[in-house]
1. Based on a Kirkwood Rh over C-alpha pairs, give the Stokes-Einstein translational diffusion coefficient of the stretch 34-158 at 10 °C and viscosity 1.306 mPa s in µm²/s.
2. Give me the Debye-computed log₁₀ of I(q)/I(0) at q = 0.11, 0.27 Å⁻¹ for the stretch 79-151, equal point scatterers on Cα only, no solvent, two decimals.
3. Only counting other Cβ atoms within 10 Å, I'd like K253, K128 sorted with the fewest neighbours first.
4. Quick one: if you take sqrt(5λ) for each eigenvalue of the C-alpha gyration tensor of the stretch 16-90, what semi-axes come out, biggest first, whole angstrom?
5. Using DSSP to define loop residues, name the GluC sites (Glu not before Pro) in the stretch 31-94 whose beta-carbon has at most 11 other beta-carbon atoms within 10 Å.
6. Please report, in whole Å, how far the alpha carbons of the stretch 235-393 spread along each principal axis, starting with the longest.
7. Kindly provide the helix-only [θ] at 222 nm of the chain, computed as the sum of -39,500 (n - 2.57) over DSSP H runs of four or more divided by all residues, to the nearest 500 deg cm²/dmol?
8. Could you derive backbone 3J(HN,Hα) for the stretch 56-61 from the dihedral phi with the Karplus parameters 6.51, -1.76 and 1.60 (θ = phi - 60°), listing whole Hz in sequence and x where the residue is Gly or Pro?
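Readers should treat all values here as calculations from the given coordinates under stated rules, not as data from a laboratory. Since we're looking at a predicted model, the values are computed, not measured. Backbone-built Cβ (ideal geometry, glycine too); neighbour counts: all protein chains shown.
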Amino acid sequence: MANEISSNFETVPSRGQWASHLGFILAAAGSAIGLGNIWKFPYITGEYGGGAFVLVYLICVVIVGLPLMIAEIMIGRRAQKNPVGAFQELHHKSSPWQLTGWLGVASGFLILSFYSVVAGWAIAYIFKSIVGFTGSPEQIQNQFVELVVSPYDSILWHSIFMFLCIAIVIGGVQRGIERWSKILMPALFVILVGLMFYGLFFTHGGMQALEFLFKPDFSKLSAEAALSALGHAFFTLSLGMGAMITYGSYMKKSDNILKNAVIVSFLDTIIALMAGTAIFSLVFHYGMEPGQSVGLIFKTLPVLFKETGPGISVPFFILLSFAALTSGISLLEVVVSYFIDIRGWSRTKATILLGSAIYLFGLLSAISSITLPFRGKDQGIFDILDFVTTNYMLPVGGLLTCLFTAWVFKRKAKIDEFGSEGFLYRVFDIIIKVVTPIAVIMILLHGLELLPFMDYGK
Ligand code: TRP
């Protein structure tokens, strides 16, 4: 049975595998780098006041994100299974740890449903860029509002994005995911470097942007901001729901997990910081508000693009849509691989059925965004889904993965996957046993305003 199912992947007899050493890095970076870096990071940084939020986020990347990425890849490559099957494989068939995998499958389903709506906006902006941005900065910003309040537009673009995700995931591991990442991820990098340099040296907002991003003012750091910084570290690195377990399961035995995880986390962080620098330079140059919620990049960048013309804006939104696509694919792949491995469905059947279900559920977010510009924060299904999945479901999934790796995953197998038993392994072992779980638990409690020694003004 297992072989029959896996025959949908094309290479090795037992299971799909990346074609080259770069394959994992590209696909994992493709999963990690997405709307989280370019759309979400700048807008939540703007909302939570800048520097202090960025600092907490960076700390979370290092002490929570990186160790967990290593752990997820180790679990995936060891078990050669989807997130649910992996916990069964490494523990036992009815192991309670498989709940972690189910939580991940549910998270993937919910995240993709609203992610697709934002990705749809990015696709819409490709066409807006071709037409060109004209008028005053206010008029350009209003184009975003017009887009999201039109039910037909939101639904149309959401449909197109989900269709693309489904088509690619049906294609399977190599044909679908790896090939495209190779070309388009480096292109995105180049264009972002350009935008960042433009922001830093050709606008009057460069210095202020750097100060906003990198000068922490802890008086602005609310409990919710700290929780969101943790949640964002999970979201942007695609952690806490088994995406890296799934991608790790396609990784070659000869690849070095630590090295790959460091590279992916580093690339992801750099891209977010570059996007933030570019966008806030413009925000300050034009005297705009940093806290513009979900519309931030769609409102600020086009004001610059009016001057640079479609030569820059069209490639930018194409690459942004592409970055969203490689992430969307990884979200769908987790859900699909569960139904392939455990339920024995064919890849095509699983992808079409699950993809359609996510699409239908996502209509709620597409419609919810219609009222978006007119209402306060955290209302509507879009915001609630984003908040709950990112800030609670992913950290809880990550915490369980961490505890599993620390205390259940067999030591010999861990060392074998890690590749050595030396100093680096011992550091990893201590971090995953002590530092990561304590950090996640504390921030979760802090987010719920439950830390005993803090004064929450109640
Ligand atoms: N990391 C992606 C981004 O930053 C989103 C994403 C893809 C994701 N796969 C994931 C988030 C798995 C959480 C879990 O846009």
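1. Translational D for this selection: 88 µm²/s.
2. Here the Debye-derived log intensity ratios amount to -0.52, -1.13.
3. So the residues, fewest neighbours to most, are K253, K128.
4. The answer is 30, 16, 11 Å, longest axis first.
5. none
6. Cα spread of the stretch 235-393 along its principal axes, largest to smallest: 55, 39, 32 Å.
7. Helix-only estimate at 222 nm: -23000 deg cm²/dmol.
8. Calculated HN-Hα couplings, in order: 4, 4, 5, 4, 4, 4 Hz.
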